[in-house]
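Worksheet: one structure, shown below.
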Amino acid sequence: MAIEKGGRLPAAKLRTMGEGGPREISTDEIFAGKKVAIFGLPGAFTRTCSAKHLPGFVEKADALKAKGVVTVACISVNDAFVMDAWGKAQGATGKVLMLAGGNGDFARAAGIETDNTANGMGRRMRRFSAYVVDGTVEILNLENPGNYEVSDADTLLKQLG
């Protein structure tokens, strides 16, 4: 079952780049007691993700934080090294927490895994954005596979009022 408004995000272990290399980070550590804007996408360094999705959240990170968001986070089915390099290449350092769900566990548990094997990309994550308060999804913008219409930073910012 896919994540939905009013539901809780699944518990999962993710990875992010720390000073000494990749480190495990739990969804509890990311979401417990916090207001988080999170967005997920099919893959780092891919066309729409690199040209529009991540850049929009980098650009709007301060505006989202002005609305009470504590953390802006990006998640993809990539490893922590790729997510770190992509974040640096996109100017996300200090603005967007780059999260690696390399094995797809979070995508599967959240019910948003998509099969991109026909394109040589394996199983990935559907594109989405969400506003999560203490682990509960308050706003959810889940794209149909292949689309980029409602999960952008501007839409989420407008929804926050």
If the chain between K88 and D62 were fully extended at 0.36 nm per residue, the gain over the current Cα-Cα distance would be 7.6 nm
Roughly speaking, what is the stretch gain from Q159 to N147, that is 0.36 nm per residue apart minus the C-alpha to C-alpha distance, in nm to one decimal? 2.4 nm
Which aspartates and glutamates have a Cα less than 13 Å from the Cα of K35, not counting those fewer than 8 places away in the same chain? D134, E138
Dimensions in Å of segment 1-89 - Rg and Dmax from alpha carbons: 13.5, 37
Hey, which of these cross-link pairs are over 21 Å Cα-Cα: K60/K88; K13/K34; K13/K158? K13/K158
At q = 0.19, 0.21 Å⁻¹, work out log10 I(q)/I(0) for the chain with the Debye formula, treating every Cα as an identical point scatterer and leaving solvent out; two decimals please. -1.24, -1.60
Quick one: putting +1 on the C-beta of Lys and Arg, -1 on the C-beta of Asp and Glu, what dipole do you get for the chain around its Cα centre, in Debye to the nearest 20? 140 debye
As a check on your grasp of the helix formula, calculate [θ] at 222 nm for the chain: sum -39500 (n - 2.57) over DSSP H runs of n ≥ 4, divide by the residue count, round to the nearest 500. -6500 deg cm²/dmol
For segment 13-159: relative contact order, % (alpha-carbon pairs under 8 angstrom, 6 or more apart): 28 percent
Once the piece of chain linking R47 and S26 is laid out straight, how much longer is it, given 0.36 nm per residue of separation minus the C-alpha distance between them? 4.7 nm
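A short reminder: the numbers here are calculations on the coordinates, not readings from a lab. Since the model is a prediction, treat every value here as computed from it, not as a measurement. Positions of Cβ are generated from backbone atoms using ideal geometry, with glycine treated the same way; all protein chains shown enter the neighbour counts.
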